[in-house]
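**Student:** This is the structure I have questions about; it appears just below.
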Amino acid sequence: MRTKYALTDKVVWITGAAGGIGAASAKAIYDAGACLVLTDLTQTSVDALVAGMDCKRVLAQSLDVTDAYQTKSVVNCAVARFGRLDIAIANAAISWSGEPATLISCDEAEFERIVEVDFLGVWRTVKAALPEVLRNRGQIVVTSSIYAFINGMVNAPYAASKAAVESLGRSLRSELAGTGASASVLYPGWTSTPMAKVAFGGHPVATELLNTIMPAPARRPIPPEDVARALVEGLACRAPRIIVPPRWRPVSLLRGVLMLVTDEYIDRSAAMHRLVRRIDILSRSVHARAGNEMEKSVEQSTK
Ligand SMILES: NC(=O)c1ccc[n+]([C@@H]2O[C@H](COP(=O)([O-])OP(=O)(O)OC[C@H]3O[C@@H](n4cnc5c(N)ncnc54)[C@H](O)[C@@H]3O)[C@@H](O)[C@H]2O)c1
């Protein structure tokens with residue numbers, strides 16, 4: 001049996017730390033006795049997060065995870081400040097900034113930005129942290145999602161990135177086997193944070209779509225503190241997979257069969273087709289309006 005991995009005095013880096021799951025995780029890991037390196041897009045957001053924490057145990061720094069140079073320099077700052085880095089939690093991610101969209105209607109640049117943050121941002125975090133994590137026989141956690149194994153329609157760049165993150169985490173765990181260091185994949189289900197708002201009333205059609213395909217108990221969101229608790233438990237035993245809430249474990253286990261059933265249902269369900277077409281139309285009109293406004297402002301500026 002492996003001995004329990006204690007978080008006391010470990011140095012733990014969380015990206016996207018000011019968000020719902022990041023902030024709850026930061027608090028839980030701090031309470032477990034670790035020192036924290038907390039990064040997010042703005043300095044003010046991470047400064048607010050560390051207010052009230054012991055300043056000797058925290059380092060708050062702005063970081064865009066798509067910037068490989070800045071990401072490596074955060075690791076250097078962590079080592080300069082605490083002498084080491086033990087754990088990196090690649091948590092930062094985004095989804096559509098406004099309306100959900102289909103692959104036909106979405107803005108190309110937005111699609112690519114989501115992949116850039118959600119997949120390449122994770123890769124850059126992992127790459128920057130690995131030398132220290134290996135040296136200290138520490139851990140990497142990559143935050144995937146249940147979207148790694150459920151149908152990602154109208155959320156395709158996010159779902160595709162989360163599937164890629166899962167694959168990256170599994171590969172990394174295997175490559176680290178025998179070194180003393182390890183990697184885990186975190187799979188939260190819907191969680192009450194700003195990111196999940198669209199699915200829960202923020203966009204009536206997206207909400208109706210979710211209600212049509214998901215049984216009520218499956219789509220009930222959990223508080224971010226539940227994810228944080230599962231993460232701390234997972235770190236203690238270097239769990240390969242942290243699936244939270246546990247009701248998603250059988251879905252992950254049976255994903256091959258369930259994929260056939262759900263994709264077949266979506267193929268045949270006229271109600272689903274209507275809802276997807278409505279999202280298509282709404283999202284096209286939003287992009288057309290944005291395009292017209294852009295054309296108008298270009299026209300005005302050239303007059
Ligand atoms: N909320 C859910 O239902 C849910 C479900 C499954 C997985 N997740 C995953 O959990 C993680 C945390 O999500 P959350 O729900 O707390 O969302 P959130 O929106 O509350 O937090 C995300 C954080 O990432 C930061 N961020 C965005 N772009 C960034 C960038 N380029 N560089 C650095 N930071 C950036 C944001 O500023 C924000 O603080 C994400 O990986 C998300 O995909 C969330």
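The values are calculated or read from the model by the stated rules, or taken from the named source; none is laboratory data. What you see is a predicted model, and the numbers here were worked out from it, not measured in a lab. Heads up, the Cβs are rebuilt from the backbone with ideal geometry, glycines too, and the neighbour counts pull from every protein chain shown. Side chains included, ligands, DNA and RNA excluded: accessible areas come from the protein's heavy atoms. Shrake-Rupley method; radii C 1.70, N 1.55, O 1.52, S 1.80 Å.
**Student:** List pairs: first in the range 159-174 and closer than 14 Å to P240 by Cβ and part of a helix (DSSP H, G or I), second open to solvent by 40 Å² or more (accessible area, probe 1.4 Å) and not aliphatic (A, V, I, L, M), Cβ under 6 Å, 6+ apart or cross-chain?
**Tutor:** Once the first residue is closer than 14 Å to P240 by Cβ and part of a helix (DSSP H, G or I) and sits in the range 159-174, its partners that are open to solvent by 40 Å² or more (accessible area, probe 1.4 Å) and not aliphatic (A, V, I, L, M) give R173/P240.
**Student:** Out of all the residues in the range 151-175, which are among the polar types (S, T, N, Q) and closer than 21 Å to I266 by Cα? Quick ask: steps written out before the conclusion?
**Tutor:** As a first pass, look at the range 151-175 and keep what is among the polar types (S, T, N, Q): 151, 155, 161, 167, 171, 174.
N151, N155, listed by residue number.
**Student:** Would you confirm whether or not the range 241-248 contains a residue that is part of a strand (DSSP E or B) and open to solvent by 40 Å² or more (accessible area, probe 1.4 Å)?
**Tutor:** Here is the first cut: in the range 241-248, the residues part of a strand (DSSP E or B) are 241-244.
Still in the list and also open to solvent by 40 Å² or more (accessible area, probe 1.4 Å): 241.
Looking for residues that are part of a strand (DSSP E or B) and open to solvent by 40 Å² or more (accessible area, probe 1.4 Å), one finds at least one in the range 241-248, hence yes.
**Student:** Now for a separate question. Just give me the residues in the range 4-19 being within 15 Å of the ligand (Cβ to nearest atom) and open to solvent by 10 Å² or more (accessible area, probe 1.4 Å), in sequence order.
**Tutor:** Of the residues in the range 4-19, the ones within 15 Å of the ligand (Cβ to nearest atom) are 13-19.
The answer is G16, A18, G19.
**Student:** For the range 203-218, give me each residue that is open to solvent by less than 40 Å² (accessible area, probe 1.4 Å), in a helix (DSSP H, G or I) and in contact (Cβ under 8 Å) with a residue 12 or more places away in the chain. Explain how you work it out, then say what you get.
**Tutor:** Going residue by residue through the range 203-218, those that are open to solvent by less than 40 Å² (accessible area, probe 1.4 Å) are 203, 205-207, 209-210, 214, 218.
Narrowing the set further to residues that are in a helix (DSSP H, G or I) leaves 205-207, 209-210, 218.
Result: V205, A206, L209, A218.
**Student:** Hey, can you tell me all the residues within the range 93-118 that are open to solvent by 40 Å² or more (accessible area, probe 1.4 Å) and polar (S, T, N, Q)?
**Tutor:** S97
**Student:** Just give me the residues in the range 77-91 being open to solvent by 20 Å² or more (accessible area, probe 1.4 Å) and either in a strand (DSSP E or B) or over 18 Å from R135 (Cβ atoms) (or both), in sequence order. Show your work before the answer.
**Tutor:** Residues of the range 77-91 open to solvent by 20 Å² or more (accessible area, probe 1.4 Å): 77, 79-84, 91.
Selection gives N91 alone.
**Student:** I would also like to ask the following. Give the range 158-174 a look and list any residue that's surrounded by fewer than 24 Cβ atoms within 10 Å (Cβ to Cβ) and touching a strand residue (DSSP E or B) at 6+ places or on another chain (Cβ under 7 Å), or say none.
**Tutor:** Scanning the range 158-174 gives E166, L168, R170, L172, R173.
**Student:** For residues that are basic (K, R) and part of a helix (DSSP H, G or I), scanning just the range 119-157, find the one that is most open to solvent (accessible area, probe 1.4 Å). Walk me through how you get there before you give the answer.
**Tutor:** Pass one, the range 119-157, residues basic (K, R): 124, 127, 135, 137.
Those still in the list that are part of a helix (DSSP H, G or I) too: 124, 127, 135.
Values: R124: 54, K127: 107, R135: 140 Å².
For the range 119-157, the residue satisfying everything is R135.
**Student:** Filter the range 42-76 down to residues that are outside any helix (DSSP H, G or I) and within 14 Å of the ligand (Cβ to nearest atom), then give me how many there are. Quick ask: steps written out before the conclusion?
**Tutor:** Filtering the range 42-76 down to residues outside any helix (DSSP H, G or I) leaves 42, 51-54, 58-67.
Now drop any that are not within 14 Å of the ligand (Cβ to nearest atom), which leaves 42, 60-67.
Residues that pass the stated criteria total 9.
**Student:** Taking the options V232, V286, V251, V261, name whichever one is at pLDDT below 95, open to solvent by 20 Å² or more (accessible area, probe 1.4 Å) and not acidic (D, E). So that I can check it myself, show each step before the final result.
**Tutor:** Working: V232 fails: at pLDDT below 95; V251 fails: at pLDDT below 95; V261 fails: at pLDDT below 95.
Unique residue meeting the criteria: V286.
**Student:** Could you identify the single residue in A196, A177 that is among the small types (G, A, S), away from the ligand (no atom under 14 Å from the Cβ) and out of contact with any strand residue (DSSP E or B) (no Cβ under 7 Å at 6 or more places or on another chain)? Steps first, please.
**Tutor:** Working: A196 fails: away from the ligand (no atom under 14 Å from the Cβ).
The unique qualifying residue is A177.
**Student:** Further question on the same structure: Please determine, by comparing only the residues of the range 20-64 that are over 22 Å from A230 (Cα atoms) and either open to solvent by less than 10 Å² (accessible area, probe 1.4 Å) or hydroxyl-bearing (S, T, Y) (or both), which one is farthest from the chain's Cα centre (by Cα).
**Tutor:** Here the residue is T44.
**Student:** If R113 satisfies every condition in (1) assigned to a helix (DSSP H, G or I); (2) more than 14 Å from the ligand (Cβ to nearest atom); (3) among the basic types (K, R) but one, which is the exception?
**Tutor:** (2)
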